[in-house]
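Trainee: Structure provided below as structure tokens; questions to follow.
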Amino acid sequence: KEERGKAKFILTHVIDYFYKHSEELPNLYKEIANEEGLKRGVADYIAGMTDKYALEEHKKLYNC
């Protein structure tokens with residue numbers, strides 16, 4: 001249960017970051033966001049992340 005809480009914390013922050021900074025999404029996901037909406041672009045980007053990549057992205061975005 002503790003690990004699930006950590007995962008939720010990290011994903012929530014990464015999602016929130018890209019909602020606020022959509023210009024930093026990779027080009028493919030910017031295109032998806034432009035065509036299908038920001039929520040879809042961010043969701044698709046996050047869905048494609050491995051656990052390790054999501055952790056690294058969180059550390060990079062929030063300087064942890």
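Trainee: Ignoring ligands, DNA and RNA, what accessible area per residue does the chain give at 1.4 Å, in Å²?
Mentor: 76
Trainee: Okay, moving on. Using 0.36 nm per residue of separation minus the Cα-Cα distance, give me the extension gain between TYR62 and GLU35 in nm, one decimal.
Mentor: Gain on extension, TYR62 to GLU35, equals 6.9 nm.
Trainee: In addition: Pick from LYS39, LYS30, LYS52 the residue whose mean-square fluctuation is largest in a GNM of the chain, springs joining Cα atoms under 10 Å.
Mentor: In the Gaussian network model the winner is LYS52.
Trainee: Here is a follow-up. Give the residue from ILE46, HIS21, ILE10 lying farthest towards the positive end of the charge dipole for the chain; charges sit on Cβ (+1 for Lys and Arg, -1 for Asp and Glu) and the dipole is referred to the Cα centre.
Mentor: Highest projection toward the positive end goes to ILE10.
Trainee: Carbon and sulfur atoms: what percent of the 1.4 Å accessible area of the chain do they account for?
Mentor: 52
Trainee: Quick one: putting +1 on the C-beta of Lys and Arg, -1 on the C-beta of Asp and Glu, what dipole do you get for the chain around its Cα centre, in Debye to the nearest 20?
Mentor: 320
The values are calculated or read from the model by the stated rules, or taken from the named source; none is laboratory data. What you see is a predicted model; the values in this text were computed from it and never measured. Heads up, the Cβs are rebuilt from the backbone with ideal geometry, glycines too, and the neighbour counts pull from every protein chain shown. Side chains are part of the model used for accessible areas, which takes the heavy atoms of the whole protein and leaves out ligands, DNA and RNA. Shrake-Rupley method; radii C 1.70, N 1.55, O 1.52, S 1.80 Å.
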